[in-house]
Amino acid sequence: MNKFSIYQYLTILFVLVVGFTYALPNLYPTQPSIQVAYTDSGKSADQSLLNELENILEESTSDYEEIFLRDNKIVIKFSTLDEQLNSKTVLQNKLLDKVIIALNLEPTTPDWLKNLGGKPVKLGLDLSGGVHFLLEVDIDTAQQGRLELLLDTYRKTFKEDRLKVAKSSIKDLVLSFEFKDKDSYNKALKQYRTDSLGIAGLQYIITERPSSNVLLLEYSDIALKDIRDYAVGQNLTTLRNRVNELGISEPIVQRQGSNRIVVELPGVQDPTAAKKIIGKTANLEFRLEANSRTSPLRKEEFKFKDNEYSTAFLERGVVVSGDRVTNANTGFDESGFSQVNITLDMQGGRSMQKATSGNIGRKLAVLFVEQKNKSELVIDENGKSVIEQTSYIEKNIISLATIQAVLGTSFRITGVGNPQEASELALFLRAGALAAPMKFVEERTVGPSLGKENIELGMRSIMIGFALVILFMTLYYRVFGIAANVSLFLNLVLITGIMSILGATLTLPGIAGIVLTVGMAVDANVLIFARIREELKEKDPQSAIKDGFSRAFVTIFDANVTTLIAALILYVIGTGPVKGFAVTLSIGIVTSMFTAIMCTRAMVNIIYGNKNIKELKI
Amino acid sequence: MDIRFQFMKYRKIAGIASITIFVISIFSLGFRGLSLGLDFSGGTLVEVSYETPVELEAIRNTLIDNGYEDSQVVNFGSNLDVLIKVADQDGNSSLGENISQVLEKEGFKGEIKRVEFVGPQVGAELRDQGGLGMLVALFMILLYVAFRFQYKFALGAVTALGHDVVIILGLFSIFAWDFDLTVLAALLAVIGYSLNDTIVVSDRIRENFRTKRELDPQEMIDLSLNQTLGRTVVTSFTTLLVLFALFIFGGEMIKGFSLALILGVLVGTYSSIYVVANMLMSLTLTQEDLAVPEPEGADFDELP
C-alpha cells in the first residue's frame, strides 16, 4: 500500500503553510502615500514635524487616511492618487526647501503578516521603472590630489628643517625631491622612513638615488587601498546625500567591486534631472587670491563659472579641498541678505585657520572642479582603431569673497546675491564635496510606463503558459494530470513565498524564469508518470506507483542538479535583470522538485493509497 | 522487445547533418561574428514611443545631420515605438540626453521609454565574464556528469551541449539577431535544459545496459530512446508551450531571450537523442564501462 507517515504529511503541510503565508502579502494592493523627511539629512523627522504636517493638511481641503512616523520619515497614506498628488503640492508649497517629499506606493500588508516579516516581492527597475547608474571613482585623480597635498607638506617641513631642496615635482604619480647636498638628502630620507610607518604597514615606496641626491616616493599598495577606500567611502556618503535630495522612497547606493558605485533609483519620474544631480562629478578647492607679492610661478588664472569673460589669478596652493566640506546651507545675515554657511571637518578647519590668520583683507576663492570626458580614435599596436577615453579637468571660480576674520571649522560667505543664487552656491558646495571625481560607466533608464507594460506582459505570459500546460496535462494524464497541476500551482505559490522571504528582486527575465519553470516543472511529473505507465505492464498498480516514483527520483535529481549548476553560474556572472532570472530559476528548480515529488505523491497516495485498484488510468 | 522506432538506423545521416550545421555555424561565427547587443558592444540606446507612426528615414537623417553618423534607427515591436542605437563612438554617457534633445528640437518629440548606456569598459567586462561563465558552466557540468555517470557519458553530454550552444550561436550569427545579456542567460538555461534531457536518456541507457544484457549496443540504445521518447516529447512540448506564450505575449524586451530558449529546446531535444547516443555508439560503450558497484542493483533482485 502507498501511504505516507503522519510526519511526512505534516512536513508537507508545514512547508505549504509557510509558503502560502509569505506569498500572501503579494495579493494586497499598494496604496498611494508620501514620505516626508527633513532636507538636512542630519535631522530626523519627529513629532513636531508630524503635527505641522497634520495642521497643514487639516487646513487645506486635501484628505488623507493615516499619518505616522517611521524610521526618520513621516509617512502619509491616501486612498486615491489624486489626493496624493494634491497633498504633495500643498505641503511642498508650505514647507518649501525645509523638507523632501517623495511619492511612494505603500504596501497594504496587514499587521499580523508584517509581524511575521511578510512583505511583497521587490520589483526590479525594469518592472518598477527607474534608473540604474554605475559610477566609477577615478582613483588616480584621488591619488594625485593626495600627492599634491604631500608635496606641499614636505616642502613646508623641509623648509622649516632647513633642508636644501633643489627641485620638487610630481610626475606619473611619483613624488620627487632633489636636494642640493647629501646631508639634506639623508635627513629627508630619515623623515620619509619615519612617516612611512603606519598601523597596517609601510605607506611609501621610497626609491633612493644617492648619486644625484634624488628621492622618489610612491604610495604603497596598503596606502593605495586606504586612499581608494577613503575616496569610495566619501563619494558614497556624498552620493547618498545627493540621492536624498531627490526624494526617492527606496534608493540603493552601494559600493560594487573596488572602485565602483551602483545607484538605483526606483520609480524616478525624471531620469535626466536625477542624472544631473548624481552626475555632478565635481570637487572643490578653496584657494587664496594671488596678490602683488605672489611670484608668477605660484599663480594661475581661472575663469568665473557664471561669467567666462572675467578671470582672476589664484595662488597654486590649495588651502582646503572639497572632501573636507561636511555641510553647506543657506541663511540670512544680520541685515537680511543671503549668505552661505559652510562647515568643514577638524583638519579642514585647522588648515583654514592657518591660511587665513595672516591674510585678513585678502580674498578667498572657491574653485569648482569638474571632470569632463573626451574620447578620440587611436590606432593600437595591432593596427586596429580603438576608442581612447581621456578625462580632463575644468576649474571655475564659483565664489571670490574677502576674508574678514580668521576662519575655522565653520564660517560663512556673505554678499552672494539673491536667495536663489545662495542656494545654488550651497548646492554646488555640497555637490562638490567629493573626494575623487567619478564618471558614469553604465546607465539604464526605464520609463514608468514601460515598467508597467513589462509587468502586464510578463504576468499575461505566465497566465497563458500556465493555462496551456494545465489543459494539456489534464487531457493527457487525467487524474494524475490534475495532481500534477495542483503541484504546479503550489510550485508558483512557493516560488513567490520564498522570493518574499529572501527579499529577492523580481525582474522581467525573472518572470521569464518563472514561466520556464512552469514548463519544466511538469517534467518531473511526466518522468514519474511515464515510469508508472511502463511499470504497469509488468506489475500491479500499487507497486507500479511505488516503483515509478522511486525509480524516477534519481533521474529527476541528476537532471535538476545540472540545471541548478547553470543557474548558479548565471547568478555569479549576471547583473541586474539577469541575476533575477537566475534567482527565480534556482528557486523554481528546488521548489518544483519538492512539489512534483512530495506533493504529487501525497495526493496520489490520498487518492489511490488505500484502495485495491484493478486498473490505473494514466 | 518494444523497439518502435530505430533511431540508430539514421545515426549516420543525423551525424552528418549535425556536423554540417555545426561547421556552418562555426564559419558564420568566425566570419560574420555575432551582432552584439548593447550589453556587450557598449554604446547608447534610446527607445521612444510616438502617438502616430513616424518615418524612420526622417529620424535617421535628422540624427546624421546632427552628427550621429553611425546610428541605427529601427521599429521596436510596433511602428509607434522607435529604437535608436548609437555605437560607442566617444564613450560619452550623456549621449542619451543629447539624442532626446535633438529629437525634441527637430520635431520628433515622443515619450522616452528607455535609455541605456554601457561604457566600453563595462561592455568588455560583461563580454569576458559571459564567455568565462559559459566555459565554467560547461566544465562544472562535465565534472558532475563524469562523477555521476562515466566519462563516456560525460563526453557525450558535453559534446551535445557544445553542439547546442554552437548551433544556437550560429543561428544568432546567421540571422544577425541581437545577442545581449538576456540571450546569454537563455543560453545558459539551455545548457541546463538540454542536459536535463541528456541525463534522462543516459540514465535509461545505463539502466538497460545493466539489466538487459542480451541486447547489442545499438538495440539497447534504441530501446532506451524509445522508452524515454514519451517523456522527452511531453516535456519539450509543455516547455515549448510556455515559451511560445512568452515569445508572443511577453513583449519586445524578451523576444530574443524566448527565441534563444525555443531554439535551445528544439536543438536540445534533438541532440539528446542523436548526439549523445551517437557519441556513445562511436565510443563503443561496453558493459564493462558500467560494471561499477550498482546502487540500484539491490532493488532489482527483490522484484518478483
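Spin-label point model (7 Å from Cα, Cβ direction): what's the A:E456 to B:L29 distance in nm?
In this crude spin-label approximation the distance works out to 4.0 nm.
Net charge near A:P32, counting Lys/Arg +1 and Asp/Glu -1 over other residues with Cβ under 13 Å of its Cβ?
-4
Relative contact order (percent) for the stretch B:43-118, with alpha-carbon contacts under 8 angstrom and 6 or more residues of separation?
Once normalised by length, the contact order is 49 percent.
Could you pull out every one of the lysines with an alpha carbon less than 25 Å from that of A:K159, ignoring same-chain neighbours closer than 8 positions?
Counting by Cα, and skipping residues close in sequence, A:K159 has these lysines nearby: A:K167, A:K171, A:K180, A:K182, A:K187, A:K190, A:K299, A:K354.
Can you tell me the relative contact order of chain A? Whole percent, Cα pairs under 8 Å, sequence separation 6 or more.
In percent, rounded to a whole number, it is 16.
Only helices at least 30 Å long along their axis, Cα-based, and averaging 1.6 or more on Kyte-Doolittle count here, so list those DSSP H runs from chain A.
Helix filter hits for chain A: none.
Loop-only check: which trypsin sites (Lys or Arg not before Pro) in the stretch A:515-618 are DSSP coil with at most 14 other Cβ within 10 angstrom?
A:K537, A:K611, A:K614, A:K617
Quickly estimate the mean residue ellipticity at 222 nm for chain B, helices only: each DSSP H run with n ≥ 4 gives -39500 (n - 2.57), and the total goes over all residues, rounded to 500.
-22500 deg cm²/dmol
With each run of n ≥ 4 DSSP H residues scored as -39500 (n - 2.57), what mean residue ellipticity at 222 nm is computed for chain A after dividing by its residue count and rounding to the nearest 500 deg cm²/dmol?
-16000 deg cm²/dmol
Taking a ≥ b ≥ c as the square roots of the Cα gyration tensor eigenvalues, with a/c under 1.5 meaning rounded and otherwise prolate when a/b beats b/c, else oblate, which class fits the stretch B:64-139?
Prolate.
Is the stretch A:166-251 best put as rounded, prolate or oblate by its Cα gyration tensor, with a ≥ b ≥ c the root eigenvalues, rounded for a/c under 1.5, and otherwise prolate when a/b is larger than b/c, oblate when not?
Here the stretch A:166-251 falls in the prolate category.
Once the principal axes of the Cα atoms of the stretch A:92-132 are found, what is the range along each, listed largest first in whole angstroms?
Dimensions of the stretch A:92-132 along the principal axes of its Cα atoms: 38, 28, 12 Å.
Between B:T20 and A:T294, what is the label-point separation in nm under the 7 Å Cα-to-beta-carbon projection?
For A:T294 paired with B:T20, the spin-label model returns 8.0 nm.
How long are the semi-axes of the equivalent ellipsoid of the stretch B:106-194, defined as square roots of 5 times the Cα gyration tensor eigenvalues? Whole Å, largest first.
36, 15, 11
Roughly how tilted is helix B:181-211, in degrees to the nearest 10 and between 0 and 90, from the longest Cα axis of chain B?
It is inclined by approximately 10 degrees.
What ranking of A:D172, A:D226 emerges when the number of other C-beta atoms within 10 Å of each C-beta is taken as an exposure proxy, fewest first?
Fewest to most other Cβ atoms nearby, the residues stand as A:D172, A:D226.
Write down the Kirkwood hydrodynamic radius of the protein assembly as shown, to one decimal in angstroms, obtained as one divided by the mean of 1/r over all alpha carbon pairs.
About 32.3 Å, per the Kirkwood formula over Cα pairs.
Sort B:I24, B:I168 so that the residue with the fewest other Cβ atoms within 10 Å of its own Cβ comes first and the one with the most comes last.
By the 10 Å Cβ count, ascending: B:I24, B:I168.
What ranking of A:T584, A:T330, A:T11 emerges when the number of other C-beta atoms within 10 Å of each C-beta is taken as an exposure proxy, fewest first?
The order, fewest Cβ neighbours first, is A:T11, A:T330, A:T584.
What FRET efficiency do you get for A:I206 and A:M346 if R0 is 22 Å and r is their Cβ-Cβ distance, rounded to the nearest 0.05?
So the FRET efficiency works out to roughly 0.15.
Using the Cα gyration tensor of the stretch A:460-504, with a ≥ b ≥ c the square roots of its eigenvalues, what is the shape: rounded (a/c below 1.5), prolate (a/b larger than b/c) or oblate (neither)?
oblate
Tell me, what is the FRET efficiency for B:R60 and A:K3 to the nearest 0.05, using R0 = 60 angstrom and their Cβ-Cβ distance as r?
Calculated value: 0.25.
Rg and Dmax in Å for chain B, alpha carbons only: what are they?
Gyration radius and largest Cα-Cα distance of chain B: 24.5, 84 Å.
Run through all the Cα pairs of the stretch A:58-124 and give the fraction in each 5 Å bin from 0, expressed as whole percent.
Answer for the stretch A:58-124: a P(r) of 3, 13, 21, 24, 19, 9, 8, 2 percent.
Pop a pseudo-label 7 angstrom from the Cα along the beta-carbon direction at both A:L471 and A:N93 and give the gap in nm to one decimal.
Roughly 5.5 nm, to one decimal.
FYI, it's all coordinate maths here, none of it is from the lab. If you're wondering where the values come from, they're calculated on a predicted model, not measured in any experiment. All Cβ positions, even for glycine, are placed from backbone atoms using ideal geometry, and neighbour counts span all protein chains on display.
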